[in-house]
Amino acid sequence: MTDAPRAAAPPGSDFKAFESAGWSARAGTYDALMARATAFAIPPLLAHVKPGDRVLDVGCGPGALVAAAAERGAHVTGVDLADGMVEESRRRHPALTFLQADAEALPFDDDTFDVALGAFLVNHTPDAEAAVRELRRVARTVALAAWGPEDEVAFLALPSAAAQGLGGVPDGSDSERYANADPLAALLAGGHETTRSDDAPSGDPGPGEAAPGDGAPRGDDAPRGDDAPRGDDAPRGDAAAPGHVSVRVVRDTLHVDSLDTLWDGIRGGTVRTAARIEGATDEERARVRARLTDLAEPFRTATGYELPVTILIACCPRRAA
Ligand SMILES: C[S@@+](CC[C@H](N)C(=O)[O-])C[C@H]1O[C@@H](n2cnc3c(N)ncnc32)[C@H](O)[C@@H]1O
């Protein structure tokens with residue numbers, strides 16, 4: 001008797017299982033570092049949310065953005081691939097709705113929501129185009145946040161560089177693919193007819209913003225010494241015409257009090273770099289830690305480390321409400 005042919009696993013399924021397990025395991029430790037950095041994106045994303053809006057947050061993690069949108073008077077739903085994140089969100093915000101779901105196949109009818117948000121989602125989905133198509137299908141307006149170019153997101157780039165060469169991560173998504181305004185805008189446009197505008201005047205970005213597409217560090221992003229998100233009074237992307245993608249660049253600085261905080265925060269707040277470190281031998285891990293110490297040295301101050309963060313916020317209103 002011959003074995004029946006085994007159905008091929010869907011593309012990206014290993015990576016999704018890896019992500020789901022990795023984020024579930026980190027739901028309780030996410031706040032120590034990662035949530036402090038992703039919080040910089042909350043005010044500029046909320047600029048696209050009005051009281052009374054039906055809002056979906058996809059890849060909601062432990063639910064901070066969902067809770068902030070609810071405080072703004074929106075009717076909110078959060079979804080995440082990782083059961084552990086969904087459980088943590090429900091535990092923290094028992095009055096709000098959280099569901100387990102894959103961004104690439106959302107369990108909602110067309111146009112169920114006014115706004116769909118995806119904060120640091122598209123660099124975690126094997127098929128980001130499918131995920132964005134789903135966000136656009138279920139909501140009139142879609143707003144995404146993504147990390148900027150690696151050399152402008154030091155709290156992630158330094159540990160990642162220190163762990164380079166170590167294995168333990170299945171092929172899945174390219175974390176750098178949407179790190180510049182042009183590819184992120186094209187992703188959000190999703191093959192639809194769009195125009196594109198950038199909130200910052202080209203060639204002369206205002207404080208906390210820069211012209212997208214250039215990726216170059218600016219002189220205006222000097223460390224501020226606190227974690228307060230900037231720019232929540234920025235122009236609203238959804239003031240643009242339907243089908244018009246706007247991208248803005250938010251720059252801030254993450255204060256980390258010690259190398260231990262960075263090291264523990266990365267192990268408890270990322271999946272890919274953490275997996276490389278966890279899978280290493282003791283000797284390799286000690287080498288990674290020593291490399292990180294050297295790489296972080298230029299960012300050291302009297303009180304710890306001041307690590308620059310660049311975030312892109314892209315918005316596309318599909319059509320008027
Ligand atoms: C870097 S965390 C961002 C969490 C939160 N949005 C924030 O800004 O703090 C990425 C989140 O995306 C979730 N995720 C990854 N792949 C996903 C998918 N295919 N569908 C839904 N969520 C996904 C992860 O489980 C994780 O909670």
Counting only residues in segment 113-123 that are of a type in the set (A, V, I, L, M, F, W, C) and in a loop (DSSP other than H, G, I, E, B), the one farthest from Pro51 (Cα to Cα) is identified as Val122
| message | One residue is enough: does segment 175-186 have a residue meeting the conditions modelled with pLDDT of 90 or more and more than 27 Å from Thr253 (Cα to Cα)? | response | yes
Filtering segment 30-45 down to residues that are small (Gly, Ala, Ser) and in contact with a strand residue (DSSP E or B) (Cβ under 7 Å, 6 or more places away or on another chain) yields Ala37, Ala41
With respect to Val169, is the statement that it is hydrophobic (A, V, I, L, M, F, W, C), modelled with pLDDT under 95 and either in contact with a Lys or Arg (Cβ under 6 Å, 6 or more places away or on another chain) or within 15 Å of the ligand (Cβ to nearest atom) (or both) true? yes
Within segment 51-74, residues being farther than 20 Å from Trp23 by Cβ and in contact with a strand residue (DSSP E or B) (Cβ under 8 Å, 6 or more places away or on another chain) number 7
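When the residues of segment 293-316 are filtered to those that are among the hydroxyl-bearing types (Ser, Thr, Tyr) and part of a strand (DSSP E or B), which remaining residue is nearest to Ala143 (Cα to Cα)?
If we take residues in segment 293-316 being among the hydroxyl-bearing types (Ser, Thr, Tyr) and part of a strand (DSSP E or B), then Thr310 is nearest to Ala143 (Cα to Cα).
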- Evaluate the following for Pro44: is it buried (at least 21 other Cβ atoms within 10 Å of the Cβ), part of a helix (DSSP H, G or I) and not hydrophobic (A, V, I, L, M, F, W, C)? yes
Within segment 244-288, residues hydroxyl-bearing (Ser, Thr, Tyr) and within 19 Å of Ala179 (Cα to Cα) come out as Ser246, Thr253, Thr270, Thr273
TODO: Can you confirm whether segment 142-150 contains a residue that is at pLDDT below 95 and in a helix (DSSP H, G or I)?
DONE: yes
Those residues of segment 47-70 which are in contact with a Leu (Cβ under 9 Å, 6 or more places away or on another chain) and not in a strand (DSSP E or B) amount to His48, Val49, Gly59, Cys60, Gly63, Leu65, Val66, Ala67, Ala68, Ala69, Ala70
All-but-one check, Ser246 against (1) buried (at least 23 other Cβ atoms within 10 Å of the Cβ); (2) at pLDDT 95 or above; (3) away from the ligand (no atom under 16 Å from the Cβ), failing number (2)
Of those in segment 74-112 that are within 11 Å of the ligand (Cβ to nearest atom), of a type outside the set (Ser, Thr, Tyr) and assigned to a helix (DSSP H, G or I), the residue surrounded by the fewest Cβ atoms within 10 Å (Cβ to Cβ) is Asp83
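The values are calculated or read from the model by the stated rules, or taken from the named source; none is laboratory data. Every value quoted in this text rests on a predicted model; they were computed, and no experiment measured them. Here Cβ is always computed from backbone atoms with ideal geometry, including for glycine, and neighbour counts include all displayed protein chains.
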